[in-house]
1. Checking the conditions here, which among B:I33, B:I13 is away from chain A (no Cβ under 13 Å), within 21 Å of A:M352 (Cα to Cα) and open to solvent by less than 40 Å² (accessible area, probe 1.4 Å)?
2. Given the options A:L71, A:L45, A:L128, name the one that is within 30 Å of A:R332 (Cα to Cα), surrounded by fewer than 24 Cβ atoms within 10 Å (Cβ to Cβ) and of a type in the set (A, V, I, L, M, F, W, C).
3. Can you tell me which residue among A:V32, A:V106 is under 30 Å from C:K33 (Cα atoms), open to solvent by 10 Å² or more (accessible area, probe 1.4 Å) and out of contact with any His (no Cβ under 8 Å at 6 or more places or on another chain)?
4. Given the conditions (1) buried (at least 20 other Cβ atoms within 10 Å of the Cβ); (2) free of Cβ contacts under 8 Å to residues at least 40 places away in the same chain; (3) more than 29 Å from C:L4 (Cβ to Cβ), which single one is not true for A:G162?
5. Among the residues of the stretch A:159-204, count how many are among the polar types (S, T, N, Q), closer than 30 Å to A:K40 by Cα and at pLDDT below 90.
6. Quick one: which residue in A:G123, A:G117, A:G111, A:G139 is within 7 Å of chain C (Cβ to nearest Cβ), buried (at least 24 other Cβ atoms within 10 Å of the Cβ) and small (G, A, S)?
7. Quickly run through the stretch B:8-64 and pick out the residues that are at positive phi and of a type in the set (G, A, S).
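The values are calculated or read from the model by the stated rules, or taken from the named source; none is laboratory data. Because the structure is predicted, anything quoted here is derived from the model rather than measured. Cβ placement follows ideal geometry from the backbone for every residue including glycine, while neighbour counts extend to all protein chains displayed. Heavy atoms of the whole protein, side chains included, go into the accessibility calculation; ligands, DNA and RNA do not. Shrake-Rupley method; radii C 1.70, N 1.55, O 1.52, S 1.80 Å.
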Amino acid sequence: MLEAFANGFSGLLAGFMHLQISNVVMIIVGCVLLYLGIKKDFEPLLLVPIGFGCILVNIPLANLMEPHGFLRTIYDAGIMTELFPLLIFVGIGAMTDFSPVLENPVTFLLGAAGQCGIFLTLGLALALGFTELDAVAIGVIGACDGPTAIYVTAKYAPHLLGAVSVAAYSYMSLVPVIQPPIMRALTTEKERMVVMRATRKSVSKTTRILFPLVITILGGLIAPMGLPLLGTIMLGNLMRECGAVERLTKASANEIANVVTLLLGISIGATMDGKIFLQKQTLIVLALGFVAICLDTACGVLLGKVLYITSKGKINPLIGAAGISAFPMSARVVMKEGQKYNKKNYLLMHAMGANAAGQIGSVIAAAVMLSVLKGMGII
Amino acid sequence: MKIELTSPIPGKIMKVIVSVGEVVNEDDEVMKIESMKMENPIYAPAAGTITAIGVKENDEVEVDDLLLVIEEGG
Amino acid sequence: MDKLTFGVTMLVVGMGGTLLTLGIISAIIALMKKIFPYKKEEEEKA
């Protein structure tokens, strides 16, 4: 009898006995993510489920990420199959109004320049000794686009998934802090003061409906490996612009996106097991991700300067910073920064254009990257 | 001289801060327009007296819609 | 393939390809705006 008591009681203590220092650290990390999400309003929709998932997976003996654990089931069903990021993309397409970039198609180039950090960081990661595919996954943090980063990493470097997604989402919310100093350092006072008038609507409905179709077909032919990404975001956008399937548009932008965000967040958190996450490598990934976003901003602003010169001073180089796809934070940063130097300057719509181009740019960059890898026989 | 302030961005008027007859300085905040879920302050283009206001709160505005008229100087 | 070749290829072909693709898209959109110009009545019909 007494022995049974003791045994039964030991069951309640087993969790504590198996708690390792790495678990304790990760539970604290999870709490920090929750704090950032709840108190600091850093991407709460993602950081709250990620932080909680991280806590769950670090409680010993519950085995939530072992076969048949519920987190494992969600992870296998949605992340390993790449379904979650793709469903999110349908929602992003349905939510995003691309007309600011269609008003001024030259801003598509800024959306390309904002992806430069991906490729530069990839090179940096290689130089630091990461394998080719790991370097690709680290570089893609520079897409500044959560679902793209998760899609690529889950497919080709799943062991880095936790680090890459945490970097992608936390830096995205730090865009308002990271970008302004770089923007100021690379432009002159005169350039920052350039006034750009917003244009009256000039995009017809036909153009807005044809846009997703053309991008899908053309982009798909150039970079077939990225078609899942491109195709889903464009499907969402076609549904939005055609206006014929309002129910599907609403469902994609709200219900589906919300449900998937929850499942995505919790399963990303579940990859943050202390044994895997607490390595020097993770810190390097976080550092490189930061570098990637800085380089993106710098390249965007530099191309902005080129456009400033070629347009004979009509384009404000600040909008180049919105070429990264942190939508719409980065456009807001540009608007605020521009107004700081000239109160009568409302760059918002132009910055939104560059920012929407950045959305397309990050997907195209990832697609091109995968197709180049395929061409070289690496994947 | 009359100066017309037209809307620099499309959006919804969140707040009209000034009223007709009020004297404003250049770069004083006169309105707030909500655009792309962001609150955008709109500043006076010149110093003077507000002689007309073309919008009211919760109006949807397009680019180039008239917001207000300022009689410069005075 | 050594890592240097890989890195440089990714930078040149990858970034070049991205710029080129978006450049083409930009040209096509500019063309589409010419072919299907915006008309004021259109919005009211919709």
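1. That would be B:I13, the only listed residue that is away from chain A (no Cβ under 13 Å), within 21 Å of A:M352 (Cα to Cα) and open to solvent by less than 40 Å² (accessible area, probe 1.4 Å).
2. Of A:L71, A:L45, A:L128, the one residue that is within 30 Å of A:R332 (Cα to Cα), surrounded by fewer than 24 Cβ atoms within 10 Å (Cβ to Cβ) and of a type in the set (A, V, I, L, M, F, W, C) is A:L45.
3. After applying the criteria, what remains is A:V106.
4. In the conditions (1) buried (at least 20 other Cβ atoms within 10 Å of the Cβ); (2) free of Cβ contacts under 8 Å to residues at least 40 places away in the same chain; (3) more than 29 Å from C:L4 (Cβ to Cβ), A:G162 misses (2) alone.
5. The total comes to 2.
6. A:G111
7. Once the filter is applied, which keeps residues that are at positive phi and of a type in the set (G, A, S), the stretch B:8-64 yields B:G11, B:G21, B:G48.
Quick grid of which residues meet (1) assigned to a helix (DSSP H, G or I); (2) of a type in the set (V, I, T); (3) more than 14 Å from chain B (Cβ to nearest Cβ); (4) open to solvent by less than 10 Å² (accessible area, probe 1.4 Å):
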position	(1), (2), (3), (4)
A:A292	yes, no, yes, yes
A:D296	yes, no, yes, yes
A:F327	no, no, no, no
A:A331	yes, no, no, yes
A:A351	yes, no, no, yes
A:A356	yes, no, no, yes
A:I364	yes, yes, yes, yes
A:A367	yes, no, yes, yes
A:K374	yes, no, yes, no
